[in-house]
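What follows is a short report on a single structure.
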Amino acid sequence: MGAGAQDALNAGWTAYGQEDFAGALASFEEAARLAPGLADAHNGVGWSRLNIVDGAPGVSTLDNAVDAFGRALQADNTASDAWVGLGEALSLRRSEVADLTDAANAFANARAADPSTLYRHDYASLAQIHAAEGWSYYLAGEPALARARAEAALALTPDLGAADVLLSLTR
């Protein structure tokens with residue numbers, strides 16, 4: 001990877017941290033153009049696309065985010081952050097039940113992948129990932145799997161509201 005791609009990647013994460021998602025997207029796209037195999041550039045494109053719109057992102061935005069996370073994972077399938085992003089994008093898109101089960105699988109892959117890329121943004125704990133996986137299962141009509149993920153989340157963080165609500169819905 002050349003210095004230009006690394007500079008663009010760094011600029012993207014700086015802009016993302018400042019909630020300048022349009023600026024972040026432009027920087028990440030430049031990094032991906034300069035170094036097409038740079039997983040974190042595609043990961044940044046996905047996260048920026050998820051955050052660039054006010055309110056709920058539209059289907060085309062979610063499709064683009066799913067594609068970006070897919071490119072990130074093709075380059076590095078151990079990138080936990082990209083797995084979480086893919087799970088988020090699929091769970092928001094919900095164009096079919098398969099999106100929700102694929103989202104749950106993406107969250108499970110995030111838990112199994114390289115933990116050094118977790119907690120970069122938009123989520124702060126493994127318990128939240130368990131809960132997100134559980135909600136995906138719940139919405140896909142799999143209450144037993146949802147309950148297991150809620151219990152795992154609460155074992156890690158007993159006061160996690162999202163997991164608590166999910167657990168009560170699966171009783």
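The values are calculated or read from the model by the stated rules, or taken from the named source; none is laboratory data. Predicted, not measured: the structure shown is a model, and the values here were computed from it. Note that we place each Cβ from the backbone using ideal geometry, even for glycine, and neighbour counts take in every protein chain shown.
With respect to the stated conditions, Leu34 fails to be in contact (Cβ under 8 Å) with a residue 24 or more places away in the chain, closer than 22 Å to Glu142 by Cβ and out of contact with any Phe, Trp or Tyr (no Cβ under 8 Å at 6 or more places or on another chain). May I ask you to list the residues in the range 39-48 that are buried (at least 24 other Cβ atoms within 10 Å of the Cβ) and either of a type in the set (A, V, I, L, M) or over 13 Å from Gly12 (Cα atoms) (or both)? Answer for the range 39-48, where residues must be buried (at least 24 other Cβ atoms within 10 Å of the Cβ) and either of a type in the set (A, V, I, L, M) or over 13 Å from Gly12 (Cα atoms) (or both): Ala41, Val45.
Go through the range 105-122 and report how many residues are at pLDDT 75 or above and hydroxyl-bearing (Ser, Thr, Tyr).
Taking the range 105-122 first, the residues at pLDDT 75 or above are 105-118.
Among the residues that remain, those that are also hydroxyl-bearing (Ser, Thr, Tyr) are: 116-117.
Final tally of qualifying residues: 2.
When you check Ala104 against the structure, is it without any contact (Cβ under 8 Å) to a residue 12 or more places away in the chain and among the aliphatic types (A, V, I, L, M), yes or no?
Working: without any contact (Cβ under 8 Å) to a residue 12 or more places away in the chain: no; among the aliphatic types (A, V, I, L, M): yes.
For Ala104, the condition - without any contact (Cβ under 8 Å) to a residue 12 or more places away in the chain and among the aliphatic types (A, V, I, L, M) - is not met.
Picking from residues in the range 128-171 that are of a type in the set (Val, Ile, Thr) and within 21 Å of the chain's Cα centre (by Cα), the one that is surrounded by the most Cβ atoms within 10 Å (Cβ to Cβ) is Ile129. Tell me, please, whether a residue that is more than 30 Å from Glu142 (Cβ to Cβ), aromatic (Phe, Trp, Tyr) and surrounded by fewer than 23 Cβ atoms within 10 Å (Cβ to Cβ) can be found in the range 8-20. Scanning the range 8-20 turns up at least one residue that is more than 30 Å from Glu142 (Cβ to Cβ), aromatic (Phe, Trp, Tyr) and surrounded by fewer than 23 Cβ atoms within 10 Å (Cβ to Cβ). Here Ser27 fits the description: in a helix (DSSP H, G or I), crowded, with 19+ Cβ neighbours inside 10 Å, at pLDDT 95 or above and among the hydroxyl-bearing types (Ser, Thr, Tyr).
Where helices (runs of 4 or more DSSP H) fall entirely within the range 66-171, those with at least 3 residues that are under 25 Å from Glu19 (Cβ atoms) and not basic (Lys, Arg) are at 80-93, 97-112, 126-139. Consider the range 49-78 and keep the residues that are out of contact with any Gly (no Cβ under 9 Å at 6 or more places or on another chain) and either crowded, with 24+ Cβ neighbours inside 10 Å or aliphatic (A, V, I, L, M) (or both). The one that is modelled with the lowest pLDDT is Ala56.
Quick check, is Ala112 surrounded by fewer than 18 Cβ atoms within 10 Å (Cβ to Cβ), without any contact (Cβ under 8 Å) to a residue 24 or more places away in the chain and either more than 30 Å from Leu145 (Cα to Cα) or in contact with a Ser or Thr (Cβ under 9 Å, 6 or more places away or on another chain) (or both)? Can you show your working first?
Working: surrounded by fewer than 18 Cβ atoms within 10 Å (Cβ to Cβ): yes; without any contact (Cβ under 8 Å) to a residue 24 or more places away in the chain: yes; either more than 30 Å from Leu145 (Cα to Cα) or in contact with a Ser or Thr (Cβ under 9 Å, 6 or more places away or on another chain) (or both): yes.
The answer is yes for Ala112.
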